[in-house]
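Notes follow the structure.
The values are calculated or read from the model by the stated rules, or taken from the named source; none is laboratory data. Nothing here was measured: the structure is a model prediction, and the numbers come from that model. Cβ sites come from the backbone with ideal geometry, for glycine too, and all protein chains shown count toward neighbours.
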Amino acid sequence: MLMPDPDQAMISRKRELVTKLREIVPGEGVIADEDELRVYESDGLTAYKQPPLIAVLPETTEQVSQVLKFCHEEGIKVVPRGAGTSLSGGALPLADGIILGLGKFNQILEVDFDNRCAVVQPGVTNLGITKAVEDEGFYYAPDPSSQIACTIGGNVAENSGGVHCLKYGLTTNNLLGLEMVLIDGTVLRIGGKHLDSEGYDLLGLMTGSEGLLGVVTEVTVRLLKKPETARALLLGFSSSEAAGELVAAIIAAGIVPGGMEMMDRPAIHAAEDFVHAGYPLDVEALLIVELDGPKAEVDHLIETVSGLADAKGAVTKRVSESEEERMRFWAGRKAAFPAVGRISPDYYCMDGTIPRNQLPHVLRRMREMSEHYQLGVANVFHAGDGNLHPLILYDANKEGELQKAEDFGSDILRLCVEVGGVLTGEHGVGVEKRDLMPDMFSDIDLKQQQRVKCAFDPDALLNPGKVFPQLHRCAELGRMHISRGQLPFPELPRF
Ligand SMILES: Cc1cc2nc3c(=O)[nH]c(=O)nc-3n(C[C@H](O)[C@H](O)[C@H](O)COP(=O)(O)OP(=O)(O)OC[C@H]3O[C@@H](n4cnc5c(N)ncnc54)[C@H](O)[C@@H]3O)c2cc1C
């Protein structure tokens, strides 16, 4: 993995930088000791490790602003970090840069039931928001499997999703406002408690910006009322193709389930061995379809989906009759990643998105790739969204297997793009998919995206080495070619 060359002159200034940063963030908020810095050397993409030069843990927006202003003036690179659960290496540090940890921003600032929103600091965990409002019958909808640990700031930066995002939307659909600090220290407020904002959709732009445009210091999220009831169907199929056809049939019937998840045979077996959820072991694919809403509507939809499942040849069918049984259906799916961790020394979790109707074709091609690379793969999908999470099984202790797993993963992502999908569904680009960006975007697309980056961070100090395979100098991107002395579009105002 190629990262920007570390600036040795900056590394040699470490002591001086630590002294200056301690003037801004006193006490234990600046970490310089090499052993203590190891805590930050990696995120959820553990194949890559790099301790930062310094870690800074501010507690107030004013401190974040001053730290960024200082870094801007001194040309120091900054990698923002929440809980470090990113699976794409988004929070991977740089040897000559600081890690800006937002863990101390862990307060729920306001719960406003009248406006159905909560104002929280970015280090609050995703699940922490729901915990704060569930007694009043409310919740925060996007639910990444990592929700017990990941922070809402990280969710905003990655536009994270989860099982319930098919019906209730990703992070971007559940945000109302942000406070952000730009690299020059400017504190910016976007949106608020109101439903829409004037001007460009900067909230949309910031969501999923992977720490490249600014540092989130406050988040206003939508709260939803918990559905009156929820029931789930557990459906087994003799082929993934048949399960895929049911997914298409449910959506075509105009039904939007609260969640619709699929697992293939290796994932089913791993999950059942781990949590004993009662999954059938003689099927090739398992679908969990959850319907939620008023009781009468849910009962009706359960019957409709059940009928569609029969028509598509479901070989096993169970409907949850109690909350406990519904939770048991989900227990295996929610534990699928650690369950796969028990059957293989290492696994590499991919994240691509495809048009739903391409699922059978993509699964077939993935099986061929699995044979070609001689590596197993277990599949877990957000089937309703077409978001795939193939888990490639390998052993890092065997020479060359990590590289083989990465090549296999890259081929899967290229396949997603080839069939009309995209490189990532919810885990972000980070360093993991950075070098595949040209497979999806043209040179012009990438340069236009970088012009947006330049507007916010002209010196490329925020999270460099992530998302873009090649960072162009902003001055170079601003250049205009004039042919035979003729200014293009002379009627346009020039700034
Ligand atoms: C077991 C497991 C299961 C997972 N399941 C899911 C899932 O179901 N769905 C899903 O979407 N993801 C999932 N993830 C991935 C991960 O949890 C999410 O990407 C999450 O949003 C990262 O949050 P974090 O606080 O850990 O951020 P970090 O990993 O610390 O950072 C992620 C990115 O956000 C940036 N960032 C963090 N905080 C800020 C901030 N305050 N301001 C600006 N930039 C910031 C960082 O620079 C980095 O680029 C899973 C991860 C694991 C380990």
Taking the options Leu37, Leu21, name whichever one is buried (at least 20 other Cβ atoms within 10 Å of the Cβ) and either in the same structural domain as Thr85 (by TED's automatic domain parsing) or touching a Lys or Arg at 6+ places or on another chain (Cβ under 9 Å) (or both).
-> Leu21
Those residues that are under 16 Å from Glu284 (Cβ atoms), basic (Lys, Arg) and crowded, with 18+ Cβ neighbours inside 10 Å, I need them from the range 309-332; list them, please.
-> Lys312
Quickly run through the range 333-360 and pick out the residues that are surrounded by fewer than 18 Cβ atoms within 10 Å (Cβ to Cβ), within 26 Å of Met437 (Cα to Cα) and within 13 Å of the ligand (Cβ to nearest atom).
-> none
Just a yes or no: is a residue in the range 129-147 within 14 Å of the ligand (Cβ to nearest atom), out of contact with any Pro (no Cβ under 9 Å at 6 or more places or on another chain) and either of a type in the set (Val, Ile, Thr) or part of a strand (DSSP E or B) (or both)?
-> yes
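Check Leu375, Leu363 and return the single one that is buried (at least 17 other Cβ atoms within 10 Å of the Cβ) and free of Cβ contacts under 8 Å to residues at least 60 places away in the same chain.
Working: Leu363 fails: free of Cβ contacts under 8 Å to residues at least 60 places away in the same chain.
Step by step, each of Leu375, Leu363 is checked, and only Leu375 is buried (at least 17 other Cβ atoms within 10 Å of the Cβ) and free of Cβ contacts under 8 Å to residues at least 60 places away in the same chain.
Here's a check for you: in the range 470-495, which residue that is more than 16 Å from the ligand (Cβ to nearest atom), modelled with pLDDT of 65 or more and in a loop (DSSP other than H, G, I, E, B) is surrounded by the most Cβ atoms within 10 Å (Cβ to Cβ)? Please lay out each step first, then the result.
Step one: filter the range 470-495 for residues more than 16 Å from the ligand (Cβ to nearest atom), giving 470, 472-495.
Subset that is modelled with pLDDT of 65 or more: 470, 472-478.
After this cut, where a residue has to be in a loop (DSSP other than H, G, I, E, B) as well, the list is 470, 472-473, 478.
Working: Gln470: 12, His472: 17, Arg473: 13, Gly478: 11.
That would be His472.
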When Ile152 is run through (1) out of contact with any strand residue (DSSP E or B) (no Cβ under 6 Å at 6 or more places or on another chain); (2) more than 7 Å from the ligand (Cβ to nearest atom); (3) of a type outside the set (Asp, Glu), the failure sits at (1)
Sort out which residues of the range 55-73 are farther than 23 Å from Val124 by Cα and in contact (Cβ under 8 Å) with a residue 12 or more places away in the chain, and write them in order of number.
-> Lys69, Phe70, Cys71, His72
List every residue pair whose Cβ atoms lie under 6 Å apart, where the two residues are 6 or more positions apart in sequence or sit on different chains, the first residue falls within the range 411-434 and is closer than 17 Å to Phe468 by Cβ, and the second residue, located anywhere, is in a helix (DSSP H, G or I) and within 9 Å of the ligand (Cβ to nearest atom).
-> Gly428/Glu158
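Quick one: is Glu321 touching a Lys or Arg at 6+ places or on another chain (Cβ under 9 Å), closer than 23 Å to Gly386 by Cα and outside the structural domain of Asp143 (by TED's automatic domain parsing)?
Values: touching a Lys or Arg at 6+ places or on another chain (Cβ under 9 Å): yes; closer than 23 Å to Gly386 by Cα: no; outside the structural domain of Asp143 (by TED's automatic domain parsing): yes.
So Glu321 does not fit the description; no.
Each row is one residue, and each column tells you yes or no for (1) in contact with a helix residue (DSSP H, G or I) (Cβ under 8 Å, 6 or more places away or on another chain); (2) surrounded by 19 or more Cβ atoms within 10 Å (Cβ to Cβ); (3) in the same structural domain as Ile255 (by TED's automatic domain parsing).
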{"site": "Asn126", "(1), (2), (3)": "yes, yes, no"}
{"site": "Tyr140", "(1), (2), (3)": "yes, yes, no"}
{"site": "Gly162", "(1), (2), (3)": "no, yes, no"}
{"site": "Tyr168", "(1), (2), (3)": "yes, yes, no"}
{"site": "Leu178", "(1), (2), (3)": "yes, yes, no"}
{"site": "Ile183", "(1), (2), (3)": "yes, yes, no"}
{"site": "Val187", "(1), (2), (3)": "yes, no, no"}
{"site": "Gly192", "(1), (2), (3)": "no, no, no"}
{"site": "Gly211", "(1), (2), (3)": "yes, yes, no"}
Which one is nearest to Pro257 (Cα to Cα), of the residues in the range 214-237 that are part of a loop (DSSP other than H, G, I, E, B) and more than 8 Å from the ligand (Cβ to nearest atom)?
-> Pro227
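Report yes if some residue within the range 84-102 is at positive phi and at pLDDT 95 or above; otherwise report no.
yes
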Taking the range 162-206 as the region of interest, how many residues are within 14 Å of the ligand (Cβ to nearest atom) and either within 23 Å of Phe381 (Cα to Cα) or among the acidic types (Asp, Glu) (or both)?
-> 13
Scan of the range 71-98 for residues that are of a type in the set (Gly, Ala, Ser), more than 6 Å from the ligand (Cβ to nearest atom) and in a loop (DSSP other than H, G, I, E, B), ordered by number | Gly75, Ser88, Gly89, Ala95
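For (1) of a type in the set (Ser, Thr, Tyr); (2) assigned to a helix (DSSP H, G or I); (3) exposed (fewer than 14 other Cβ atoms within 10 Å of the Cβ), each residue gets a yes or a no:
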{"position": "Ala243", "(1), (2), (3)": "no, yes, no"}
{"position": "Ala248", "(1), (2), (3)": "no, yes, no"}
{"position": "Met263", "(1), (2), (3)": "no, no, no"}
{"position": "Pro266", "(1), (2), (3)": "no, yes, no"}
{"position": "Ala277", "(1), (2), (3)": "no, no, no"}
{"position": "Ile288", "(1), (2), (3)": "no, no, no"}
{"position": "Leu291", "(1), (2), (3)": "no, no, no"}
{"position": "Gly307", "(1), (2), (3)": "no, yes, yes"}
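Those residues that are within 17 Å of Ala47 (Cα to Cα) and either touching a residue at least 12 places away in the same chain (Cβ under 8 Å) or hydrophobic (A, V, I, L, M, F, W, C) (or both), I need them from the range 341-355; list them, please.
From the range 341-355, those within 17 Å of Ala47 (Cα to Cα) are 341, 344-351; that's our starting set.
Those that are within 17 Å of Ala47 (Cα to Cα) and either touching a residue at least 12 places away in the same chain (Cβ under 8 Å) or hydrophobic (A, V, I, L, M, F, W, C) (or both): Ser344, Pro345, Asp346, Tyr347, Tyr348, Cys349, Met350, Asp351.
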